[in-house]
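Trainee: Pasting in a structure now, in structure tokens, and then I'll have a few things to ask.
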Amino acid sequence: MLKDRVALVTGASRGIGRQTALTLAENGARVIVNYNGNREKAEEVVALIQEKGGQAAACGFDVSDYEATGEKLAELIREYGRLDILVNNAGVTRDGLILKMSEADYDAVVDTNLKGTFNCIRHAARQMVKQRYGRIVNLSSVVGVYGNGGQVNYSASKAGIIGITKSVAKELGSRGITVNAVAPGFIVTEMTDAMPEDAKQQVAERIAMKRLGSTSDVADVIAFLASDKAAYVTGQVICVDGGMSI
Ligand code: NDP
């Protein structure tokens, strides 16, 4: 489905990004596994892909750093000659109520999640326009659509990602580039691990499918949006939440 496509997945050392890298590679893409601090884990993902006969390389940079992201993307584009798929997955949380949230916690989350998404698109778009082909998939969240107490910073960043998605889709559609967002519900990863078991069960009860999501549930939808099968889907927000938001 993605044979010889060159894909960059940000934050692919763990969680949803890791599974997305594995799934894109299984479908034939050459995958660049981005990480921030966890080089070892990113290299494990690369090794796993290579063991299965796929192609991958690890590449560390902080997506919130405009200059560093620009330099790394330029290097990657020189090395691979193209960039077909960009999955803006890198994300962080620093939860707290509005009455107590520090400026630093607000900035850290918005800088990584929202500005990081802008930084990567800004530095990838020219190459995609030149190729007249591109697939951009941004990780939003149901919290970005509906809001969530205790997550003002996170929901602002995820709502902002929806704005970026729709605007860039309008700007670049005529160049063969699609831009979509995936909005996961509650997916079992390190990000959600901190929650006590009984609280997780209570969440599951409120989900139509009566279970929390897996990283594969999200990665499979991302792989579809990154493929030619989704050529006429752009500017959309696809909730992958087991019916949590209905
Ligand atoms: P994890 O916490 O499991 O993994 C986060 C990943 O992002 C890691 O690979 C981490 O790299 C990377 N990362 C963090 N900051 C940066 C940075 N500045 N530059 C580059 N990479 C960075 O997260 P999840 O897999 O749970 O979440 C992935 C995405 O999905 C996020 O955008 C999240 O907001 C979104 N999402 C998740 C949901 C869930 O229930 N899990 C629900 C809705 C949305 P490193 O290991 O090097 O630190």
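Trainee: Anything in the range 209-231 that is in a loop (DSSP other than H, G, I, E, B) and either of a type in the set (D, E, K, R) or out of contact with any strand residue (DSSP E or B) (no Cβ under 6 Å at 6 or more places or on another chain) (or both)? List them, or say none. Can you show your working first?
Mentor: Keep residues of the range 209-231 that are in a loop (DSSP other than H, G, I, E, B), which gives 209-212, 214, 226-227, 231.
Those that are in a loop (DSSP other than H, G, I, E, B) and either of a type in the set (D, E, K, R) or out of contact with any strand residue (DSSP E or B) (no Cβ under 6 Å at 6 or more places or on another chain) (or both): 209, 210, 211, 212, 214, 227, 231.
Trainee: Based on what the data block shows, is residue 68 surrounded by fewer than 17 Cβ atoms within 10 Å (Cβ to Cβ), more than 17 Å from the chain's Cα centre (by Cα), of a type in the set (A, V, I, L, M) and within 13 Å of the ligand (Cβ to nearest atom)? Give the steps one after another, and end with the answer.
Mentor: Values: surrounded by fewer than 17 Cβ atoms within 10 Å (Cβ to Cβ): yes; more than 17 Å from the chain's Cα centre (by Cα): yes; of a type in the set (A, V, I, L, M): yes; within 13 Å of the ligand (Cβ to nearest atom): yes.
So residue 68 fits the description; yes.
Trainee: Quick test of your reading of the structure: residue 86 fulfils all but one of (1) within 14 Å of the chain's Cα centre (by Cα); (2) within 22 Å of residue 153 (Cα to Cα). Name the failing condition by number.
Mentor: (2)
Trainee: Scan the range 1-23 residue by residue and report those that are within 9 Å of the ligand (Cβ to nearest atom) and modelled with pLDDT under 95.
Mentor: Answer for the range 1-23, where residues must be within 9 Å of the ligand (Cβ to nearest atom) and modelled with pLDDT under 95: there is none.
Trainee: Condition (residue is buried (at least 21 other Cβ atoms within 10 Å of the Cβ) and either part of a helix (DSSP H, G or I) or modelled with pLDDT under 95 (or both)) applied to the range 191-207: is it met by at least one residue?
Mentor: no
Trainee: Would you please name the residue that is nearest to the ligand (Cβ to nearest atom), looking only at residues in the range 168-188 that are assigned to a helix (DSSP H, G or I) and surrounded by fewer than 22 Cβ atoms within 10 Å (Cβ to Cβ)? First the steps, then the outcome.
Mentor: We begin by selecting, within the range 168-188, every residue assigned to a helix (DSSP H, G or I); these are 168-175.
With the extra rule that they be surrounded by fewer than 22 Cβ atoms within 10 Å (Cβ to Cβ), the set shrinks to 169-175.
On the way: 169: 19, 170: 23, 171: 22, 172: 21, 173: 24, 174: 28, 175: 26 Å.
Selected residue: 169.
Trainee: For residue 26, only one of the following conditions fails: (1) touching an Asp or Glu at 6+ places or on another chain (Cβ under 9 Å); (2) more than 15 Å from the ligand (Cβ to nearest atom); (3) of a type in the set (D, E, K, R). What is its number?
Mentor: Among (1) touching an Asp or Glu at 6+ places or on another chain (Cβ under 9 Å); (2) more than 15 Å from the ligand (Cβ to nearest atom); (3) of a type in the set (D, E, K, R), residue 26 violates only (1).
Trainee: If you take the residues in the range 29-46 that are assigned to a loop (DSSP other than H, G, I, E, B) and not polar (S, T, N, Q), which one is nearest to the ligand (Cβ to nearest atom)?
Mentor: Just the residues of the range 29-46 that are assigned to a loop (DSSP other than H, G, I, E, B), to begin with: 29, 36-38.
Adding the requirement that they be not polar (S, T, N, Q) leaves 29, 37.
Values: 29: 18, 37: 4 Å.
Applying the filter and picking the extreme gives 37.
Trainee: If you check 85, 77, 98, 49, which single one turns out to be more than 13 Å from the ligand (Cβ to nearest atom), surrounded by fewer than 24 Cβ atoms within 10 Å (Cβ to Cβ) and either within 24 Å of residue 168 (Cβ to Cβ) or basic (Lys, Arg) (or both)? Let's see the steps before the verdict.
Mentor: Working: 85 fails: surrounded by fewer than 24 Cβ atoms within 10 Å (Cβ to Cβ); 98 fails: either within 24 Å of residue 168 (Cβ to Cβ) or basic (Lys, Arg) (or both); 49 fails: either within 24 Å of residue 168 (Cβ to Cβ) or basic (Lys, Arg) (or both).
Matching residue, one of 85, 77, 98, 49: 77.
Trainee: In addition: May I ask you to list the residues in the range 144-164 that are part of a helix (DSSP H, G or I), within 12 Å of the ligand (Cβ to nearest atom) and out of contact with any Gly (no Cβ under 9 Å at 6 or more places or on another chain)?
Mentor: 145, 146
The values are calculated or read from the model by the stated rules, or taken from the named source; none is laboratory data. Not measured: the values here are computed from a predicted model. Virtual Cβ from ideal backbone geometry, glycine too; neighbours counted across all protein chains shown.
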